[in-house]
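Structure, as structure tokens:
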Amino acid sequence: MRYIKLNGLEVSRVGLGAMGMTAGYTGSGTDEAESIRTVHRALELGVTLIDTAEIYGPYTNEELLRRALQGRREQVVLATKFGLVSHAGKGAWNLDSGPANIRTAVEGSLKRLGTDHIDLYYQHRVDPNTPIEETAGAVGELIAEGKVRCFGLSEAGPDTIRRAHAVHPVTAVQSEYSLWTRGVEDRVLPVLRELGIGLVPFSPLGRGFLTGTIRSTDQFDEDDFRRDNPRFTGENFRRNLAIADEVQALAAEVGATPAQVALAWLLAQGDDIAPIPGTKRVARVEENTAADGITLTGDQIEKLGSLPPAAGDTHTASQAQMLER
Ligand SMILES: NC(=O)c1ccc[n+]([C@@H]2O[C@H](COP(=O)([O-])OP(=O)(O)OC[C@H]3O[C@@H](n4cnc5c(N)ncnc54)[C@H](OP(=O)(O)O)[C@@H]3O)[C@@H](O)[C@H]2O)c1
């Protein structure tokens with residue numbers, strides 16, 4: 001495993017997203033023992049960046065990680081997120097990045113994670129009711145107190161990134177980025193590079209779609225959130241299969257799996273980029289982590305980069321309202 005620096009913070013090139021271990025996807029929350037083995041295997045393979053959030057569950061994902069990381073906390077660059085749970089009464093899925101809410105959130109996350117510090121603390125979504133300067137200032141105070149090491153943003157637009165960074169240096173921005181979700185390339189990535197901030201692509205496997213293993217929505221459990229996602233519904237789903245087929249064909253040419261090729265393409269975009277593929281299975285963490293050893297030719301990178309655009313938005317209309325675009 002190679003390592004890179006996200007604005008000074010050293011992380012493995014390939015991280016691990018823990019969200020699906022407890023919620024969101026088919027099979028989430030059904031096999032804690034395998035999830036914990038997956039975290040342990042990731043660490044053995046040199047993965048350091050592990051990603052969670054208080055909203056995952058809510059809370060249960062952080063609790064799972066506490067159990068998984070017992071005795072191993074110091075091996076990990078532990079990243080979690082605030083701002084999608086309002087602790088002042090409104091509860092989960094309510095934006096609140098006000099300083100008082102962040103203070104409450106951090107104490108909860110520290111307790112659930114069983115640690116005295118969070119390595120990378122992201123604002124999960126920009127809160128239109130709180131100036132980003134106040135949020136950055138509040139996280140800056142937590143950093144001064146040693147409760148947090150580094151400040152991150154998620155799905156923030158260029159202006160917010162600049163304003164936040166002017167108050168407290170931003171270490172990384174976590175946004176959706178993959179072969180079929182290229183939105184960060186035009187406006188966000190240039191600003192990150194200008195300011196020296198790292199990029200952590202989430203859903204780098206296209207929520208599993210780019211791996212070629214999803215051929216029908218019948219494969220999804222009733223509570224799998226992809227059932228409502230525009231890219232996974234109706235005619236869009238059918239059209240998007242052609243993208244997965246092309247990734248598969250290119251992977252055969254490379255002698256790798258589609259998941260590995262999708263990750264290798266992201267890694268080829270720069271050494272300021274550390275994707276966090278999500279899995280709850282040992283075999284898949286081994287497969288995904290091995291993407292770090294795959295080198296694509298210029299021609300293969302170009303072919304992958306010119307796949308047809310995906311049909312359908314990345315989010316439902318109400319979820320999309322929370323994204324800065
Ligand atoms: N900041 C944000 O707003 C935000 C939003 C979404 C996600 N995230 C973070 O990003 C992480 C990754 O994103 P994600 O989990 O949404 O999507 P992803 O990494 O693109 O895909 C995960 C899905 O792909 C499957 N999968 C993983 N490796 C595979 C392989 N080698 N072959 C076939 N299938 C494979 C997983 O199933 P199994 O688990 O069954 O292997 C899971 O259903 C999350 O865990 C979370 O930490 C952040």
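Observations on the structure shown:
- Counting other Cβ atoms within 10 Å as a rough exposure proxy, the listed residues ILE301, ILE197 run ILE301, ILE197 from fewest neighbours to most.
- For the chain, the convex hull drawn through the C-alpha positions has a volume of 120 cubic angstrom per residue.
- P(r) weight above 19 Å for the stretch 189-297, C-alpha pairs, percent: 50 percent
- For THR297, THR135, order by how many other beta-carbon atoms lie within 10 Å, fewest first: THR297, THR135
- Build a GNM of the chain with springs between Cα atoms under 10 Å apart, and of ILE273, ILE143, ILE118 the one that fluctuates most is ILE143.
- For q = 0.29 Å⁻¹, Debye-computed log10 I/I(0) when each Cα of the stretch 154-218 counts as one equal scatterer: -1.25
- Expressed to the nearest 5 percent, the antiparallel share of DSSP beta bridges inside the stretch 1-146 is 40 percent.
- Helix-only mean residue ellipticity at 222 nm for the chain, each DSSP H run of n ≥ 4 adding -39500 (n - 2.57), per residue, nearest 500: -11500 deg cm²/dmol
- Surrounding net charge for GLY17, when Lys and Arg each add one and Asp and Glu each subtract one, Cβ distance under 12 Å: +2
- The chain, relative contact order in percent, only Cα pairs under 8 angstrom and at least six apart counted: 22 percent
- Local electrostatic count, LEU95, Cβ distance below 14 Å [Lys/Arg +1, Asp/Glu -1]: -3
- The lysine pair tally for the chain, using Cα distances under 26 Å and a gap of 8 or more places or different chains, is 11.
Any read-out appearing in this document is the output of simple, stated calculations on the displayed coordinates, not a laboratory observation. Computed from a predicted model, the values in this text were never measured in an experiment. Don't worry about glycine lacking a Cβ; one is built from the backbone with ideal geometry, like all the others, and counts go over all protein chains shown.
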